[in-house]
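The values are calculated or read from the model by the stated rules, or taken from the named source; none is laboratory data. All of these numbers come straight from a predicted model, not from anything done at the bench. Cβ: placed from backbone, ideal geometry, glycine included. Neighbour counts: every protein chain shown.
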Amino acid sequence: MPSTRLPHQPTHNLQRPNPMQYKTIILQLIEDRPSLHHKLASSDTLLSTLNRLAAEFRSLHLELSDQLSRQHPELAAAQVRAQALEYAVPALVAVLDEIEAAGTMAANWPTADSQLES
């Protein structure tokens, strides 16, 4: 008799986004800046930069999510995360613009408080 077992279904963490999503967002934004992408790729710092920016971006997104959740307890978790991402992405774009203009990785990440005030 054939087995009726279903194929393995991956389980996803519904509470926090997958770290790979942060890297995907950052990589796309870096690729949108050809001169920055070329500089990072040619100096073999693309991966390390991607990892560092992903960690910073994730931290900001989670801080924003926590603050928005406290400020708006009536919102569903997915709605809070989506709204936090709307605040975090422009901050990331500003950091990438600063990195590209300065030619250095010493960019100033905004705080969650400053993002919610603007």
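What the table below lists for this structure:
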| item | result |
| --- | --- |
| Elements of type helices (runs of 4 or more DSSP H) contained in the stretch 20-102, each with 3 or more residues being touching a helix residue (DSSP H, G or I) at 6+ places or on another chain (Cβ under 8 Å), among the aromatic types (F, W, Y) and crowded, with 16+ Cβ neighbours inside 10 Å | none |
| Among residues of the stretch 70-118, those that are modelled with pLDDT of 90 or more and closer than 21 Å to Q21 by Cα, counted | 22 |
